[in-house]
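In what follows, a structure is listed as C-alpha coordinates, so that the remarks can point back to it.
The values are calculated or read from the model by the stated rules, or taken from the named source; none is laboratory data. In this text, all values refer to a predicted model and were calculated from it rather than measured experimentally. As a convention, Cβ positions derive from the backbone with ideal geometry for all residues, glycine included, and neighbour counts pool all protein chains shown.
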Amino acid sequence: MKEDTFIFKMTLDMLADDADEAVIARWHASEMGRVRKGEELLEVVTDKASFDVVSPYDGLLVKILKSEGSSVGTGEVVAEIRVG
Amino acid sequence: MEIMDLGIKSYDDALSVQHEILQRRIDGSSEDTLILVEHCPIVTLGRLSGNACVPGMGDLEKKGIPVVFVGRGGKATFHAPGQLVMYPIIDLSGKKKDIARYIDFLEMTVARSLCRIGVRADRVNERRGVWVGADKIAFTGVAVKKWVTYHGVAININNDIGGFSLIHPCGDKDIQVTSARNVLGRELDMSEVKAVFAEQFRRDIENEYKKAEGPAVVA
(Lines give C-alpha, C1' and ligand atoms only; values in the text may rest on other atoms or scores of the structure.)
Protein backbone atom coordinates (compact mmCIF):
# COMPACT_ATOMS: atom_id res chain seq x y z
CA MET A 1 0.00 0.00 0.00
CA LYS A 2 1.31 3.47 -0.83
CA GLU A 3 2.23 5.61 2.18
CA ASP A 4 -0.32 8.30 1.30
CA THR A 5 -3.25 5.89 1.40
CA PHE A 6 -5.22 4.80 4.43
CA ILE A 7 -8.16 2.56 5.28
CA PHE A 8 -11.28 4.47 6.36
CA LYS A 9 -13.56 2.42 8.60
CA MET A 10 -17.08 3.64 7.89
CA THR A 11 -19.61 3.82 10.74
CA LEU A 12 -23.15 5.22 10.89
CA ASP A 13 -22.66 8.05 13.34
CA MET A 14 -25.78 9.83 12.13
CA LEU A 15 -27.87 7.14 13.78
CA ALA A 16 -27.45 8.96 17.11
CA ASP A 17 -29.96 7.63 19.64
CA ASP A 18 -32.70 6.75 17.15
CA ALA A 19 -31.20 3.42 16.24
CA ASP A 20 -33.14 0.96 18.34
CA GLU A 21 -33.49 -1.09 15.18
CA ALA A 22 -31.25 -0.10 12.28
CA VAL A 23 -31.02 -2.36 9.27
CA ILE A 24 -28.96 -2.18 6.07
CA ALA A 25 -31.68 -2.02 3.42
CA ARG A 26 -29.55 -1.89 0.30
CA TRP A 27 -25.98 -1.48 -0.88
CA HIS A 28 -25.67 0.68 -3.98
CA ALA A 29 -21.93 -0.07 -4.25
CA SER A 30 -20.00 -3.33 -4.59
CA GLU A 31 -16.83 -4.65 -2.98
CA MET A 32 -13.65 -3.70 -4.85
CA GLY A 33 -15.52 -1.00 -6.75
CA ARG A 34 -14.36 2.61 -6.94
CA VAL A 35 -16.46 5.08 -4.96
CA ARG A 36 -16.56 8.85 -5.12
CA LYS A 37 -16.98 11.40 -2.36
CA GLY A 38 -20.70 12.24 -2.04
CA GLU A 39 -21.82 9.08 -3.87
CA GLU A 40 -24.69 7.17 -2.23
CA LEU A 41 -23.21 3.93 -0.91
CA LEU A 42 -26.02 2.36 1.06
CA GLU A 43 -29.51 2.82 2.40
CA VAL A 44 -30.26 2.34 6.09
CA VAL A 45 -33.65 2.02 7.80
CA THR A 46 -34.36 2.66 11.48
CA ASP A 47 -37.55 2.53 13.48
CA LYS A 48 -38.67 5.93 12.18
CA ALA A 49 -36.34 6.94 9.35
CA SER A 50 -34.80 5.73 6.14
CA PHE A 51 -31.77 7.48 4.72
CA ASP A 52 -28.93 7.20 2.26
CA VAL A 53 -25.33 7.15 3.46
CA VAL A 54 -22.78 8.75 1.18
CA SER A 55 -19.08 8.11 0.81
CA PRO A 56 -16.96 10.71 2.62
CA TYR A 57 -13.97 10.05 0.32
CA ASP A 58 -12.91 9.04 -3.16
CA GLY A 59 -11.46 5.55 -2.91
CA LEU A 60 -11.83 1.80 -3.27
CA LEU A 61 -14.56 -0.02 -1.34
CA VAL A 62 -12.37 -2.90 -0.20
CA LYS A 63 -14.75 -4.64 2.19
CA ILE A 64 -18.47 -4.66 3.05
CA LEU A 65 -18.75 -5.87 6.64
CA LYS A 66 -22.54 -5.61 7.03
CA SER A 67 -24.63 -7.17 4.28
CA GLU A 68 -28.20 -6.25 3.27
CA GLY A 69 -30.65 -7.20 6.00
CA SER A 70 -28.04 -6.97 8.78
CA SER A 71 -28.75 -5.03 11.94
CA VAL A 72 -26.21 -2.38 12.81
CA GLY A 73 -25.58 -0.12 15.79
CA THR A 74 -23.90 3.23 16.24
CA GLY A 75 -20.13 2.85 16.08
CA GLU A 76 -20.18 -0.48 14.24
CA VAL A 77 -18.00 -0.56 11.12
CA VAL A 78 -20.10 -1.34 8.02
CA ALA A 79 -17.40 -1.05 5.36
CA GLU A 80 -13.75 -0.25 4.72
CA ILE A 81 -12.67 2.21 2.06
CA ARG A 82 -9.08 2.50 0.87
CA VAL A 83 -8.56 6.21 0.43
CA GLY A 84 -5.95 7.67 -1.84
CA MET B 1 -40.13 28.48 3.39
CA GLU B 2 -42.98 27.69 1.04
CA ILE B 3 -46.26 26.19 2.29
CA MET B 4 -48.03 23.95 -0.25
CA ASP B 5 -51.55 22.73 0.51
CA LEU B 6 -52.49 19.85 -1.79
CA GLY B 7 -55.99 19.41 -0.34
CA ILE B 8 -57.25 15.81 -0.55
CA LYS B 9 -54.97 13.79 -2.81
CA SER B 10 -54.24 10.11 -3.40
CA TYR B 11 -51.09 8.81 -1.78
CA ASP B 12 -49.43 8.14 -5.14
CA ASP B 13 -50.12 11.61 -6.50
CA ALA B 14 -48.84 13.26 -3.33
CA LEU B 15 -45.76 11.03 -3.41
CA SER B 16 -45.01 12.21 -6.95
CA VAL B 17 -45.22 15.82 -5.77
CA GLN B 18 -42.93 15.01 -2.86
CA HIS B 19 -40.33 13.40 -5.11
CA GLU B 20 -40.42 16.30 -7.54
CA ILE B 21 -39.91 18.90 -4.81
CA LEU B 22 -37.29 16.70 -3.11
CA GLN B 23 -35.25 16.54 -6.30
CA ARG B 24 -35.55 20.29 -6.85
CA ARG B 25 -34.43 20.92 -3.26
CA ILE B 26 -31.43 18.58 -3.70
CA ASP B 27 -30.54 20.42 -6.93
CA GLY B 28 -30.85 23.73 -5.10
CA SER B 29 -33.55 25.00 -7.45
CA SER B 30 -36.26 25.34 -4.80
CA GLU B 31 -36.52 26.46 -1.19
CA ASP B 32 -37.57 24.46 1.86
CA THR B 33 -41.22 23.45 1.48
CA LEU B 34 -43.88 22.19 3.86
CA ILE B 35 -46.46 20.06 2.03
CA LEU B 36 -49.87 19.72 3.69
CA VAL B 37 -52.23 17.04 2.42
CA GLU B 38 -55.10 14.72 3.33
CA HIS B 39 -54.95 11.28 1.74
CA CYS B 40 -57.72 9.09 0.37
CA PRO B 41 -58.04 6.00 2.61
CA ILE B 42 -54.89 3.86 2.46
CA VAL B 43 -52.61 1.80 4.71
CA THR B 44 -48.92 2.47 4.23
CA LEU B 45 -46.17 0.18 5.42
CA GLY B 46 -42.69 1.54 6.17
CA ARG B 47 -39.46 -0.27 5.40
CA LEU B 48 -39.47 -2.31 8.62
CA SER B 49 -43.05 -3.55 8.24
CA GLY B 50 -44.09 -7.14 7.72
CA ASN B 51 -47.48 -8.68 7.00
CA ALA B 52 -47.96 -9.16 10.76
CA CYS B 53 -48.54 -5.38 10.94
CA VAL B 54 -51.82 -5.82 9.03
CA PRO B 55 -53.99 -8.43 10.77
CA GLY B 56 -57.11 -6.97 9.11
CA MET B 57 -55.87 -7.38 5.54
CA GLY B 58 -59.07 -9.19 4.50
CA ASP B 59 -61.32 -6.44 5.88
CA LEU B 60 -59.21 -3.78 4.19
CA GLU B 61 -59.59 -5.59 0.87
CA LYS B 62 -63.37 -5.81 1.34
CA LYS B 63 -63.50 -2.07 2.01
CA GLY B 64 -61.35 -1.40 -1.05
CA ILE B 65 -58.60 0.21 1.03
CA PRO B 66 -55.19 -0.37 -0.58
CA VAL B 67 -52.13 -1.45 1.40
CA VAL B 68 -48.81 -0.28 -0.01
CA PHE B 69 -45.13 -0.46 0.94
CA VAL B 70 -43.45 2.97 0.98
CA GLY B 71 -39.88 4.19 1.27
CA ARG B 72 -39.98 5.77 4.71
CA GLY B 73 -38.81 4.43 8.05
CA GLY B 74 -41.31 3.10 10.55
CA LYS B 75 -43.99 0.47 10.17
CA ALA B 76 -47.75 0.54 9.51
CA THR B 77 -50.09 3.52 9.57
CA PHE B 78 -53.52 4.43 8.26
CA HIS B 79 -54.44 7.56 6.29
CA ALA B 80 -57.89 8.98 5.52
CA PRO B 81 -59.44 12.38 4.76
CA GLY B 82 -59.60 14.55 7.89
CA GLN B 83 -56.11 13.45 8.90
CA LEU B 84 -53.52 16.18 8.41
CA VAL B 85 -50.31 14.86 6.82
CA MET B 86 -47.24 17.09 6.83
CA TYR B 87 -44.34 16.38 4.48
CA PRO B 88 -41.48 18.80 5.23
CA ILE B 89 -38.91 18.96 2.43
CA ILE B 90 -36.10 20.54 4.44
CA ASP B 91 -32.42 20.79 3.56
CA LEU B 92 -30.49 19.79 6.70
CA SER B 93 -27.09 19.87 4.98
CA GLY B 94 -26.15 23.27 6.40
CA LYS B 95 -27.69 22.42 9.75
CA LYS B 96 -27.05 19.85 12.44
CA LYS B 97 -26.99 16.47 10.65
CA ASP B 98 -28.86 14.47 13.25
CA ILE B 99 -31.92 12.52 12.16
CA ALA B 100 -33.12 11.66 15.67
CA ARG B 101 -33.03 15.32 16.56
CA TYR B 102 -35.03 16.20 13.44
CA ILE B 103 -37.73 13.69 14.44
CA ASP B 104 -37.73 15.15 17.98
CA PHE B 105 -38.29 18.56 16.43
CA LEU B 106 -41.11 17.27 14.23
CA GLU B 107 -42.90 15.73 17.21
CA MET B 108 -42.45 18.86 19.29
CA THR B 109 -43.89 21.24 16.71
CA VAL B 110 -46.88 18.92 16.22
CA ALA B 111 -47.46 18.73 19.99
CA ARG B 112 -47.35 22.53 20.25
CA SER B 113 -49.79 22.91 17.36
CA LEU B 114 -52.19 20.42 18.93
CA CYS B 115 -52.05 22.38 22.19
CA ARG B 116 -52.94 25.54 20.25
CA ILE B 117 -56.12 23.90 18.92
CA GLY B 118 -57.05 22.77 22.43
CA VAL B 119 -55.62 19.23 22.51
CA ARG B 120 -53.19 18.63 25.38
CA ALA B 121 -50.62 16.55 23.52
CA ASP B 122 -46.97 15.84 24.23
CA ARG B 123 -43.97 13.79 23.27
CA VAL B 124 -43.16 10.76 25.41
CA ASN B 125 -39.57 9.76 26.14
CA GLU B 126 -38.53 6.47 24.58
CA ARG B 127 -41.71 6.34 22.42
CA ARG B 128 -41.93 7.92 19.01
CA GLY B 129 -45.00 9.89 17.92
CA VAL B 130 -47.21 12.40 19.76
CA TRP B 131 -49.54 11.34 22.54
CA VAL B 132 -52.64 12.48 24.38
CA GLY B 133 -52.22 10.68 27.68
CA ALA B 134 -51.85 7.00 26.74
CA ASP B 135 -53.37 7.45 23.29
CA LYS B 136 -51.37 8.13 20.14
CA ILE B 137 -52.55 11.00 17.96
CA ALA B 138 -49.63 11.59 15.55
CA PHE B 139 -47.34 9.17 13.72
CA THR B 140 -43.85 9.92 12.39
CA GLY B 141 -41.98 8.22 9.57
CA VAL B 142 -39.30 10.15 7.72
CA ALA B 143 -36.79 9.64 4.95
CA VAL B 144 -33.64 11.58 4.16
CA LYS B 145 -31.82 11.80 0.84
CA LYS B 146 -28.60 13.79 0.52
CA TRP B 147 -29.60 15.41 3.82
CA VAL B 148 -32.94 16.65 2.47
CA THR B 149 -35.92 15.34 4.43
CA TYR B 150 -39.14 13.92 2.99
CA HIS B 151 -42.12 11.92 4.25
CA GLY B 152 -43.00 13.22 7.74
CA VAL B 153 -45.88 13.06 10.17
CA ALA B 154 -49.63 12.26 10.12
CA ILE B 155 -51.95 13.82 12.71
CA ASN B 156 -55.46 12.54 13.41
CA ILE B 157 -57.77 15.56 13.37
CA ASN B 158 -61.31 14.81 12.10
CA ASN B 159 -60.68 11.43 10.49
CA ASP B 160 -62.45 8.21 11.37
CA ILE B 161 -59.88 6.24 13.36
CA GLY B 162 -61.67 2.90 12.90
CA GLY B 163 -59.17 1.91 10.22
CA PHE B 164 -56.39 1.75 12.82
CA SER B 165 -58.10 -1.26 14.38
CA LEU B 166 -57.28 -3.24 11.21
CA ILE B 167 -53.54 -2.69 11.57
CA HIS B 168 -50.92 -2.70 14.31
CA PRO B 169 -50.03 1.00 14.23
CA CYS B 170 -46.26 1.40 14.17
CA GLY B 171 -46.00 -2.37 14.59
CA ASP B 172 -47.45 -2.27 18.13
CA LYS B 173 -50.71 -4.18 18.62
CA ASP B 174 -51.37 -2.55 21.99
CA ILE B 175 -51.41 1.08 20.83
CA GLN B 176 -54.63 2.99 21.43
CA VAL B 177 -55.31 5.72 18.89
CA THR B 178 -57.24 8.97 19.21
CA SER B 179 -58.01 12.09 17.18
CA ALA B 180 -58.54 15.78 17.91
CA ARG B 181 -62.26 15.28 17.18
CA ASN B 182 -62.44 12.47 19.76
CA VAL B 183 -60.64 14.55 22.37
CA LEU B 184 -62.60 17.77 21.82
CA GLY B 185 -65.95 16.19 20.98
CA ARG B 186 -66.44 18.33 17.88
CA GLU B 187 -65.34 18.62 14.26
CA LEU B 188 -62.59 21.12 13.49
CA ASP B 189 -62.24 23.41 10.46
CA MET B 190 -59.35 21.83 8.51
CA SER B 191 -58.29 25.09 6.88
CA GLU B 192 -57.93 26.70 10.31
CA VAL B 193 -56.07 23.64 11.61
CA LYS B 194 -53.66 23.72 8.65
CA ALA B 195 -52.96 27.41 9.20
CA VAL B 196 -52.05 26.78 12.85
CA PHE B 197 -49.75 23.83 12.07
CA ALA B 198 -48.03 25.65 9.20
CA GLU B 199 -47.44 28.81 11.22
CA GLN B 200 -46.13 26.84 14.22
CA PHE B 201 -43.86 24.75 11.99
CA ARG B 202 -42.40 27.83 10.32
CA ARG B 203 -41.71 29.45 13.67
CA ASP B 204 -40.29 26.30 15.31
CA ILE B 205 -37.93 25.31 12.52
CA GLU B 206 -36.42 28.78 12.42
CA ASN B 207 -35.91 28.74 16.18
CA GLU B 208 -34.70 25.13 16.38
CA TYR B 209 -31.97 25.40 13.80
CA LYS B 210 -31.05 29.05 14.33
CA LYS B 211 -30.51 28.27 18.00
CA ALA B 212 -28.23 25.33 17.17
CA GLU B 213 -26.19 27.00 14.45
CA GLY B 214 -25.82 30.38 16.12
CA PRO B 215 -22.65 31.54 17.83
CA ALA B 216 -21.84 29.95 21.18
CA VAL B 217 -22.98 31.95 24.18
CA VAL B 218 -20.19 32.72 26.63
CA ALA B 219 -21.36 32.84 30.23
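B:Ile157 - would you say it is crowded, with 19+ Cβ neighbours inside 10 Å, away from chain A (no Cβ under 14 Å) and without any contact (Cβ under 8 Å) to a residue 60 or more places away in the chain? Can you show your working first?
On the way: crowded, with 19+ Cβ neighbours inside 10 Å: yes; away from chain A (no Cβ under 14 Å): yes; without any contact (Cβ under 8 Å) to a residue 60 or more places away in the chain: no.
Taking the combined requirement at face value, the residue does not satisfy it.
Quick grid of which residues meet (1) among the hydrophobic types (A, V, I, L, M, F, W, C); (2) free of Cβ contacts under 8 Å to residues at least 12 places away in the same chain:
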site	(1), (2)
B:Glu2	no, no
B:Gln18	no, no
B:Leu22	yes, no
B:Ser29	no, yes
B:Leu36	yes, no
B:His39	no, no
B:Thr44	no, no
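Which residue pairs have Cβ atoms under 7 Å apart, sit 6 or more places apart or on different chains, and have a first residue in segment B:57-86 that is under 18 Å from B:Ile161 (Cβ atoms) and a second that is assigned to a loop (DSSP other than H, G, I, E, B) and of a type in the set (Ser, Thr, Tyr)?
Here the result reads B:Lys75/B:Ser49; B:Ala76/B:Ser49, each pair linking segment B:57-86 to a residue that is assigned to a loop (DSSP other than H, G, I, E, B) and of a type in the set (Ser, Thr, Tyr).
Could you grab me the full set of residues in segment B:29-44 that are surrounded by 22 or more Cβ atoms within 10 Å (Cβ to Cβ) and either over 19 Å from the mean Cα position of the chain (by Cα) or within 14 Å of chain A (Cβ to nearest Cβ) (or both)?
B:Thr44
Within the group B:Arg47, B:Arg72, which residue is of a type outside the set (Gly, Ala, Ser), part of a loop (DSSP other than H, G, I, E, B), within 13 Å of another protein chain (Cβ to nearest Cβ) and under 28 Å from B:Arg203 (Cα atoms)?
Working: B:Arg47 fails: under 28 Å from B:Arg203 (Cα atoms).
Checking each option against the conditions leaves just B:Arg72.
Which one of these is over 19 Å from the mean Cα position of the chain (by Cα), in contact (Cβ under 8 Å) with a residue 60 or more places away in the chain and surrounded by fewer than 19 Cβ atoms within 10 Å (Cβ to Cβ): B:Lys210, B:Lys146?
On the way: B:Lys210 fails: in contact (Cβ under 8 Å) with a residue 60 or more places away in the chain.
Being over 19 Å from the mean Cα position of the chain (by Cα), in contact (Cβ under 8 Å) with a residue 60 or more places away in the chain and surrounded by fewer than 19 Cβ atoms within 10 Å (Cβ to Cβ) holds for just one of B:Lys210, B:Lys146, which is B:Lys146.
For segment B:92-113, which residues satisfy the criterion of being within 14 Å of chain A (Cβ to nearest Cβ) and either surrounded by 18 or more Cβ atoms within 10 Å (Cβ to Cβ) or not in a loop (DSSP other than H, G, I, E, B) (or both)?
Pass one, segment B:92-113, residues within 14 Å of chain A (Cβ to nearest Cβ): B:92-93, B:95-107, B:110.
Within segment B:92-113, B:Leu92, B:Asp98, B:Ile99, B:Ala100, B:Arg101, B:Tyr102, B:Ile103, B:Asp104, B:Phe105, B:Leu106, B:Glu107, B:Val110 meet the criteria.
Condition first: in a loop (DSSP other than H, G, I, E, B) and charged (D, E, K, R). Now tell me which residues in segment A:31-49 satisfy that. Even if it seems obvious, please write down each step before you answer.
Initial filter on segment A:31-49 (in a loop (DSSP other than H, G, I, E, B)): A:31-32, A:36-39, A:46-48.
A:Glu31, A:Arg36, A:Lys37, A:Glu39, A:Asp47, A:Lys48 - these are the residues of segment A:31-49 that are in a loop (DSSP other than H, G, I, E, B) and charged (D, E, K, R).
Which condition does A:Lys48 not pass, out of (1) within 14 Å of another protein chain (Cβ to nearest Cβ); (2) among the basic types (Lys, Arg); (3) out of contact with any Gly (no Cβ under 6 Å at 6 or more places or on another chain), if it passes all the others?
(3)
Just one of B:Gly163, B:Gly141, B:Gly129 is away from chain A (no Cβ under 14 Å), crowded, with 17+ Cβ neighbours inside 10 Å and among the small types (Gly, Ala, Ser); which is it?
Values: B:Gly141 fails: away from chain A (no Cβ under 14 Å); B:Gly129 fails: away from chain A (no Cβ under 14 Å).
Answer to the check: B:Gly163.
Specify which of the listed residues (A:Glu43, A:Glu21, A:Glu39) is crowded, with 20+ Cβ neighbours inside 10 Å and at pLDDT below 95.
Numbers: A:Glu21 fails: crowded, with 20+ Cβ neighbours inside 10 Å; A:Glu39 fails: crowded, with 20+ Cβ neighbours inside 10 Å.
From the options A:Glu43, A:Glu21, A:Glu39, the qualifying one is A:Glu43.
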